[in-house]
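Report on one structure; see the data block that follows.
The values are calculated or read from the model by the stated rules, or taken from the named source; none is laboratory data. Keep in mind it's a predicted model, so treat the numbers as computed, not measured. Note that we place each Cβ from the backbone using ideal geometry, even for glycine, and neighbour counts take in every protein chain shown.
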Amino acid sequence: GCGESTDFAKKERAPQPQEPRRSLSPQQLKKPTSINRMRSVTTAAAFLGVSSPNSERKGGTERKQAPETKPLTERKMATERGGGAAAEAGGNKGWKVKAEQMAQERRARAQKKIFAVPIEECVDRPTRPDAPRFIPWLVFDIVTYMEKHAMDLEGLFRLAGEKQLIDEWKKKVNEGEKLNFEELNNPHCAADLLKIWFRSLPEPIVTARLYPRFMTVGTLSSEELQVKYLAALIAALNEPNKSALIYLIRFLRNLTTNSEVNKMTPENVGTCVGPNILFEKGTDPSALFSNFESVIQIISRMIEYFDDIFMKEDVMPLKTYMVKSNHTPPEDEKDGLKLTENDIVHVFARDEKKIKAYGECNGKFGWFPHVLVKKQKLGLKKKKKGLQTETLPQGFTPDKAELYLSDAEFMKKFGCTKNEYLLLPTWKQERKKQEAGLSK
């Protein structure tokens, strides 16, 4: 009997087969399980000398733990699990609301920004009621202030203002604050701020498209041709670039009329202000010196011949064509222009009979037969399936008689601007020409 009981006990104590232990990945080991959390809490409680949740029950009685003695490890884990009360209340929703608020704040700041943004956006910012159209409020305020208080100041635009103060003004302006320049009363800082605004434009005020054409003005043999070419280039500018440039050059011309006192001649103004008006998009500042002499000359011509360049209404805008065939001028024709097939030529003058044209090709100027060039075809841009609209390719202008009208005459006859007209389909352009009585 005793042997049987012993065998039975051995059978009872026989080791049972155990399930193989699963190995945990590093991510699972890092993940705080309930057991690991309790162990961490107990260890932290023992170190800090406070009661832990494992020792809450003693002798069958339950003790409440004071909030201030809650273990630090448990508080840290609660923060990590959900971000505290905010996570419990809203979870991810709270973060989405905060992200949307931050995005709205960024958009609001962008709408106030005026430096390093396209001029088209700058003119949409609120301005003063007496400001001219297409003139950004900062340009208008600075010019108005300097016209009242700085026209006799020696070295305006030449003497630098205090950099720290200029940076402070720039920051305030970009945040939407309207500065009172009469109260600040610092003409040199105001002049530097004006130059910085023009230089910070994403592209020069004369546009990146026409900048190379401006740089060829100095190669013309006479001042008369230079003035005529500049007038054609200005006429080819769109708004608001054209109005902003006219506004600035008019102010600079008025400044130079008192050059005996302020020492700012047209050449000095061209030296100090020119690089902020005429610069190549994305060019390293050190590369500006290669065109420095041309920049000074162009600004000087604009100031000296302001009325002939900016104020004439019968100016032919610059036209761009493609050469149909090679052309070599006769030997006795000194001002002839040699052309090669498929060259691009920029025309800004014609003879009275419109047989010959005068223009620039590859940096050289001269006369050539107008029949040798052809209109550049308008690009076709698909907006929707089965619908095509004609758009003006960059750098080219169609040779259409109606575009020789002034802006005011064109608006009166066609009821739209020239740019709006060029974006219309061909059939709609023809209809408008018939209504205006200009159809062939």
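A compact table of results
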quantity: T265 without any contact (Cβ under 8 Å) to a residue 12 or more places away in the chain, over 30 Å from N362 (Cβ atoms), more than 22 Å from the chain's Cα centre (by Cα) and not assigned by TED's automatic domain parsing to the domain that holds F348; calculated: yes
quantity: Subset of the range 186-227 (residues that are buried (at least 21 other Cβ atoms within 10 Å of the Cβ) and among the basic types (K, R)); calculated: R213
quantity: Strands (runs of 3 or more DSSP E) wholly inside the range 362-440 containing at least 3 residues that are more than 26 Å from V323 (Cα to Cα) and modelled with pLDDT under 55; calculated: 379-384
quantity: So D167, is it in contact with a helix residue (DSSP H, G or I) (Cβ under 6 Å, 6 or more places away or on another chain) and under 27 Å from P126 (Cα atoms); calculated: no
quantity: D332, sole failed condition from (1) of a type in the set (D, E, K, R); (2) exposed (fewer than 14 other Cβ atoms within 10 Å of the Cβ); (3) touching a Ser or Thr at 6+ places or on another chain (Cβ under 6 Å); calculated: (3)
quantity: Test set (1) buried (at least 18 other Cβ atoms within 10 Å of the Cβ); (2) at pLDDT 90 or above; (3) assigned to a helix (DSSP H, G or I) - N291 fails condition number; calculated: (2)
quantity: Residue check, S243 assigned to a helix (DSSP H, G or I) and in contact (Cβ under 8 Å) with a residue 40 or more places away in the chain; calculated: yes
quantity: Hits in the range 123-136 - residues which are surrounded by fewer than 17 Cβ atoms within 10 Å (Cβ to Cβ) and within 17 Å of the chain's Cα centre (by Cα); calculated: D124, R125
quantity: Among the residues listed as I277, I299, I246, the single one being buried (at least 21 other Cβ atoms within 10 Å of the Cβ), modelled with pLDDT of 95 or more and out of contact with any Pro (no Cβ under 6 Å at 6 or more places or on another chain); calculated: I299
quantity: Selection status of A86, modelled with pLDDT of 60 or more and farther than 30 Å from D192 by Cβ; calculated: no
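For (1) farther than 18 Å from R199 by Cα; (2) surrounded by 17 or more Cβ atoms within 10 Å (Cβ to Cβ), each residue gets a yes or a no:
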{"position": "E121", "(1), (2)": "no, no"}
{"position": "L138", "(1), (2)": "no, yes"}
{"position": "H149", "(1), (2)": "yes, no"}
{"position": "E154", "(1), (2)": "yes, no"}
{"position": "D167", "(1), (2)": "no, no"}
